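The values are calculated or read from the model by the stated rules, or taken from the named source; none is laboratory data. Only a predicted model underlies this, so the values are computations on that prediction, with no experimental measurement involved. Cβ: placed from backbone, ideal geometry, glycine included. Neighbour counts: every protein chain shown. Remember, those area values only see protein heavy atoms, side chains included, never the ligands or the DNA or RNA. Shrake-Rupley method; radii C 1.70, N 1.55, O 1.52, S 1.80 Å.
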2 protein chains.
Amino acid sequence: MAEPARRRGRGGGGAARRAERTAISIETAKYIERNIPNFEVLTEEALDIIEANAETVLEEIGVNFVDNPAALERWREAGADVQGERVRLPKGLARKLCATAPSQYTQHARNPEKSVVVGGRNLVLAPVYGPPFVRDIEGGRRYATMEDFRKFVKLGYMSKWLHHSGGTVCEPTDVAVNKRHLDMLHAHMTLSDKPFMGSVTAPERAQDSVEMCEILFGKDFVQENTVMTSLININSPMQFDDVMMGALEVYAKNNQAAIISPFIVGGAMAPVSVAGTLTQVLAEVLAGIAYSQLIRPGAPVIMGAFVTSIDMGSGAPTFGTPEAAHITYGAGQLARRLGLPYRSAGSFCGSKLPDAQAAYETSNSLNMGLLAGVNFMLHSCGWLEGGLVSSFEKFVMDADQLGTLHGLAKGVSVDENAQAMDAIREVGPGGHYLGCAHTQANFKDAFWKTDLLDYKPFETWSEEGSKDTVALASERVKFLLDNYKQPSMDPGIAEALAGYVANKKASMPDSFT
Amino acid sequence: MAEPARRRGRGGGGAARRAERTAISIETAKYIERNIPNFEVLTEEALDIIEANAETVLEEIGVNFVDNPAALERWREAGADVQGERVRLPKGLARKLCATAPSQYTQHARNPEKSVVVGGRNLVLAPVYGPPFVRDIEGGRRYATMEDFRKFVKLGYMSKWLHHSGGTVCEPTDVAVNKRHLDMLHAHMTLSDKPFMGSVTAPERAQDSVEMCEILFGKDFVQENTVMTSLININSPMQFDDVMMGALEVYAKNNQAAIISPFIVGGAMAPVSVAGTLTQVLAEVLAGIAYSQLIRPGAPVIMGAFVTSIDMGSGAPTFGTPEAAHITYGAGQLARRLGLPYRSAGSFCGSKLPDAQAAYETSNSLNMGLLAGVNFMLHSCGWLEGGLVSSFEKFVMDADQLGTLHGLAKGVSVDENAQAMDAIREVGPGGHYLGCAHTQANFKDAFWKTDLLDYKPFETWSEEGSKDTVALASERVKFLLDNYKQPSMDPGIAEALAGYVANKKASMPDSFT
């Protein structure tokens, strides 16, 4: 009779341990507050040269504001030399205008515990943005749908190290282009309680984003606070189109934050050298941020730099390369001298699969992002194939790695407990620390813990099917989605949001362009 | 008649392009000379505390020199307090003795172009050391043999970014324990012309290593120069065994370099805190390096720190973690204050496969190694499964990534060409840089180039079989081994080396313990 009892006992203990290991927590870590220095590759002299050259670019060459007569008029009034669509800025003008932009700002989440402060020594992590395709083990690579989108929002909501729900976590190609922003915002607002991004694909869609936020947060709250951070790309080199500028105008007018970001594949949209690229990046963000301040002085903005290197053989963008790192480190120095929050880096890779190449490239990028002083890291998880694909497995793989950034940023304590002299005395030469008092008191918080990676003995790992990282990640995706619980929302707000989306959709025919 | 000619033309062109792409180069890059700063996580105050605590550890607790009466006598003469095998060092004594160790040294290779300078702002990269198993796609995981060993030496010889042939690139378990060092050294000496490491598994095997070097380099040359850098592990915590110290004595006496290195899984062989671990690491290396200088003042040494974190659930060592990074950065600061070359980091991972986990962990470790100011990086490629396995595929994967460290370390030029103002003027707003004069003049050297990773368009990649990184690496392993050509050697020396090995082997029975 003893045998079955013991077996039950074992089974019960095992189940309890499994339950503990797999207990669902939807805890979200606070955004990273760095307690480590920034890594700086440029000397003061180099920074001076780049800043002077950027001013020369703005004055001599200028930038284009395309199909946007009102913008040209604003520039003229501000003292720029406007010829056709070319805007040339006298030295110092852009930098002077940028001075009204805040050095940091709070983006409020509907759950106040998840609001983020962007700037200073902080780092806010947001997921991948923009891919038209998704990939997972079962379905392979395919066009993204709204159902995929919702899954990514749920995964983001349940990812401890992700502070931000992001924006276009994938492009829901099964919804009309002129309506999908409504479904996307609705998903971020209702399936998560983390901060999110607004639509930038047309000025009126930016306006819809503001109006939906007014329902979610209240009209007064939105006018007095920042509740969205949205991505405004510059058409590098040095061109600002009416769609992006139209969206920026809506957001700035409403005190909503914008990342003003060159999008550069080095050697194609910028010079093939690091210093030349940094010069162009700085000129572009100076012009773009200055323009945001012409719309509304004090509107919150982030200096962005999306810069990759290029494979000169194929023309493909390349990621995790030393040149991308140099630019990311250097742009961080420029942003700090400008006194503005800085966006760069991400889980970048060129690989088609979430394999070793993807992870090498991603780790190179994530580490450089932390050390470069990035304040807002878009694409921090889930990016695959040069940004063409949002990968379900890579999303949870990268999100797990984001925990290492939190750990690194904490820095090193040298308080009495950390000095551990009593432990060294207790253990002595030839001993071991596993059982000593200091280890017992500290082991729970001593080390970063993965939710994903395999540390099992070889034999156990083999018996369990020799799973690689993607297989483990696939299991974790399913586990998270199976255990997802929607955060609660005031029913009146939920109804109003759903009503807004339904009415807007009904007000216009579908358009797929 | 035109058609066949054109086809021939195409074929020839394609073949020529393929030949260029796959042309074998056995070029070896010069060791890295950093033109970027070191990343430092500890304040001066924290460093002072750790240094003071390490002196307290040496004075109050001391270290054990086990089964080594001559060492105890040397310590007594040097002014230490010796009780039994416990050696306590008055404050300042170890540091004073360490002062005679050189801040940098040259390790000569038989090909003088491949000699390396260890120390200063340099970084010398050497392959994985010690695994009893090997793994590749075809054969899976299996005990390593001498044939595997020779393949790794050949791959190391052909790896551009690897400066050093290493030591026990895998443990050749098919050769008797008391004879395998002879075969290993013979392989390094004859199959490569890069610098290498000597045997440390017994003092007499260290002596054999010296004697084989005397054949290879000439007796006088060896006495006047350093031709080996060998790995002396400390039995942390604070214990120095007779085998390792016996090997150290042989090498120091012969002016050959030794890495004096704690081997620590944090929480087991050192306190569970970063500051406590750094204190113990410093105390241990101070004692070990001081001892090397008692043997021969001026003998070249490297301050080593092999430190990993631990998974407190399973007791498994963990790699690429933030805590390991903190220790690696901190130990670099301590080494620089001590004025000694520094060994740490590597292609560390706990993963059983060369998958994404392996690459995340490895990239975290490699990047931190570069930024921490490491001067000698053992294990820089090929490490798998916590060091139990040398992986053929991961060897070439990591070796390719080592190129990114070379690129990063170059730093950023701001000379007139790098400023690229003419390019920005030439292209202007809305243009593109691919064809501009500056790009044409600079693109060949502008970006780091992989020899392995995939940058192809999705369609091409799919048509070619959707290969992941391991599949590409497997092809590269075969390609390199198929194209390996042994570097030439003076026939007299080759004969003498072979004779030495044969005589030594014949002089004693096989022993497998």
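Over all directions, how big on average is the projection of the convex hull of the alpha-carbon atoms in the stretch B:411-470, in square nanometres? Display every interim value, and only then the final one.
Values: hull surface 25.9 nm².
Orientation-averaged projected area of the Cα hull: 6.5 nm².
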Original post:
How big is the Kirkwood radius of the stretch B:121-190, worked out from every pair of different alpha carbons and given in Å to one decimal?
Top reply: 12.5
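Quote the FRET efficiency, to the nearest 0.05, computed for B:E224 versus B:R76 with a Förster distance R0 of 56 Å and r equal to the Cβ-Cβ distance.
Values: r = 31 Å, r/R0 = 0.56.
According to the calculation, E is roughly 0.95.
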Subject >> Inter-copy spacing of A:A494 label points, which lie 7 Å from Cα along Cα→Cβ, given in nm from shortest upward >> reply: 8.1
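Please compute the net charge surrounding A:E385, taking Lys and Arg as +1 and Asp and Glu as -1 over other residues with Cβ under 9 Å from its Cβ. Please list the in-between numbers first.
Details: positive: A:R135, A:R141, A:K352; negative: none.
It works out to a net charge of +3.
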**OP:** Starting from the Cα of A:K505, step 7 Å toward the Cβ, then list every residue of the stretch A:122-146 with an amide N under 14 Å from that point.
**Re:** A:146
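Helix check for chain A. Which DSSP H runs span at least 15 Å along their own axis by Cα, with a mean Kyte-Doolittle hydropathy no less than 0.0? Walk me through the numbers before you get to the answer.
Details: long enough: A:2-21 (28 Å, -1.65); A:44-56 (18 Å, -0.27); A:146-157 (16 Å, -0.46); A:180-191 (16 Å, -0.11); A:203-217 (21 Å, -0.19); A:242-253 (16 Å, 0.58); A:274-295 (32 Å, 1.33); A:322-338 (24 Å, -0.25); A:356-371 (22 Å, 0.04); A:392-409 (26 Å, 0.23); A:469-482 (19 Å, 0.66); A:491-506 (22 Å, 0.19).
What comes out of the filter, once short or polar helices are dropped, is A:242-253, A:274-295, A:356-371, A:392-409, A:469-482, A:491-506.
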**OP:** Could you give me the radius of gyration and the Dmax of the stretch A:349-411, taking only the C-alpha atoms into account and expressing both in angstrom?
**Re:** 11.3, 35
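At a probe radius of 1.4 Å, figure out the A/B buried accessible area, summed over both chains, and give it in Å² to the nearest 100. List each step's numbers first, then the result.
On the way: alone 22450 and 22480 Å², together 35990 Å².
So the buried area, both faces added, is about 8900 Å².
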Subject >> P(r) of the stretch B:53-149 over all Cα-Cα pairs, binned every 5 Å from zero, in whole percent >> reply: 2, 10, 12, 11, 9, 9, 16, 13, 10, 6, 2, 0
**OP:** Find which of B:T168, B:V118, B:S103 sits farthest along the positive direction of the dipole of the stretch B:27-184, computed with +1 on the beta-carbon of Lys and Arg, -1 on that of Asp and Glu, about the Cα centre.
**Re:** B:T168
Original post:
Of all the stretches in chain A, which is the longest one without any exposed loop site, taking GluC sites (Glu not before Pro) in a DSSP loop (any state but H, G, I, E, B) with at most 15 other Cβ atoms within 10 Å?
Top reply: A:139-463
Original post:
Which whole-number percent gives the relative contact order of the stretch B:334-402, counting Cα pairs below 8 Å spaced six or more residues apart?
Top reply: 34
Subject >> Label-point gap, in nm, between B:N483 and A:A52 - each point 7 angstrom along Cα→Cβ >> reply: 4.7
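For a distance above 46 Å, tell me the whole-number percent of Cα pairs in the protein assembly as shown that qualify.
Values: 173832 of 525825 pairs.
That fraction is 33 percent.
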Original post:
Hey, if you drop one equal point scatterer on each alpha-carbon of the stretch A:268-425 and run the Debye formula without solvent, what base-10 log of I(q)/I(0) do you get at q = 0.13, 0.18 Å⁻¹?
Top reply: -0.68, -1.08
Original post:
What residue among B:T318, B:L278, B:L216 has its Cα farthest toward the positive end of the dipole of chain B, where the charges are +1 on Lys, Arg and -1 on Asp, Glu, each on the Cβ?
Top reply: B:L216
Original post:
Can you tell which of B:T460, B:T450, B:T439 lies farthest toward the positive end of the dipole of the stretch B:386-469, using +1 and -1 charges on the Cβ of basic and acidic side chains (Lys, Arg; Asp, Glu)?
Top reply: B:T439
**OP:** Mind checking which lysines have their Cα closer than 16 Å to the Cα of B:K478? Skip sequence neighbours fewer than 8 apart in that chain.
**Re:** B:K151, B:K154, B:K394, B:K467
**OP:** Counting only C-alpha contacts under 8 Å and six or more residues apart, can you give the relative contact order of chain A as a whole percent?
**Re:** 18
Subject >> Counted charge near B:V124, where neighbours are those whose Cβ lies closer than 11 Å (Asp, Glu -1; Lys, Arg +1) >> reply: +3
**OP:** Could you list which residues have their amide H under 5 Å from that of B:I234, counting only those 5 or more apart in sequence or on another chain, with H placed in the peptide plane?
**Re:** B:S261, B:F263
Original post:
Taking only the alpha carbons of chain A, what extent do you get along each of the three principal axes, in Å, biggest first?
Top reply: 93, 60, 49
Original post:
Mind checking which aspartates and glutamates have their C-alpha under 15 Å from A:K444, skipping anything on the same chain fewer than 8 residues away?
Top reply: A:E20, B:D311, B:E323
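Under the Kirkwood approximation applied to all pairs of distinct alpha-carbon atoms, what is the hydrodynamic radius of the stretch B:202-253 in Å?
Working: mean 1/r = 0.0856 Å⁻¹.
Hydrodynamic radius (Kirkwood, Cα pairs) of the stretch B:202-253 is 11.7 Å.
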Subject >> Given charges at beta-carbon only (K, R positive; D, E negative), |dipole| of chain B in Debye >> reply: 1180
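Would the stretch B:226-297 count as rounded, prolate or oblate if I go by the C-alpha gyration tensor, calling it rounded below 1.5 in a/c and otherwise prolate when a/b exceeds b/c, oblate otherwise? The partial results should precede the final answer.
Numbers: a/c = 2.45, a/b = 2.26, b/c = 1.08.
Judged from the Cα gyration tensor, the stretch B:226-297 comes out prolate (a/c at least 1.5, a/b above b/c).
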Subject >> Estimated 222 nm signal from helices in chain B, with DSSP H stretches of n ≥ 4 weighted -39500 (n - 2.57), rounded to 500 >> reply: -14500 deg cm²/dmol
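Before I look further, what does the stretch A:130-231 give for accessible area per residue, probe 1.4 Å, in whole square angstrom? Each step should come with its number before you reach the end.
Numbers: 2890 Å² over 102 residues.
Each residue of the stretch A:130-231 exposes 28 Å² on average to a 1.4 Å probe.
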Subject >> Sequence-distant residues sharing a close amide H with A:T226 (under 5 Å, placed H) >> reply: A:H108
**OP:** Please compute P(r) over all alpha-carbon pairs of the stretch B:258-360, binned at 5 Å starting from zero, and give each bin as a whole-number percent.
**Re:** 2, 13, 23, 22, 17, 12, 7, 3, 1, 0
Original post:
Over the stretch A:314-429, what percent of the accessible surface lies on carbon and sulfur atoms, probe 1.4 Å?
Top reply: 51
Original post:
Taking K and R as +1 and D and E as -1, what net charge do the other residues with C-beta under 14 Å from the C-beta of B:R296 add up to?
Top reply: 0
Original post:
What lysines sit close enough to A:K219 to cross-link, taking a C-alpha to C-alpha distance under 25 Å and skipping anything fewer than 8 places away on the same chain?
Top reply: A:K114, A:K179, A:K194, A:K253, A:K504, A:K505
Subject >> Computed lengthening from B:H432 to B:K444, 0.36 nm per intervening residue step minus Cα-Cα distance >> reply: 2.5 nm
Original post:
Taking the Cα-to-Cβ direction at B:Q104 and at B:A29 and moving 7 Å from each Cα, how far apart do the two end points lie in nm?
Top reply: 1.8
Original post:
How large is log10 I(q)/I(0) at q = 0.13, 0.14 Å⁻¹ when the Debye formula is applied to the Cα atoms of the stretch B:335-451, each weighted equally and without solvent?
Top reply: -0.67, -0.72
Original post:
Distances from A:G79 to the same residue in each other copy, label points 7 Å out along Cα→Cβ, in nm, shortest first?
Top reply: 6.8
Original post:
For A:D241, which inter-copy label distances result when the label point lies 7 Å beyond Cα on the Cα-to-Cβ vector, reported in nm to one decimal and in ascending order?
Top reply: 6.7
Subject >> Near-label residues of the stretch A:134-171 by backbone N, under 11 Å of a point 7 Å along Cα→Cβ of B:S466 >> reply: A:136-142
Subject >> Percentage relative contact order, the stretch A:379-425, counting C-alpha pairs under 8 Å, at least six apart >> reply: 27
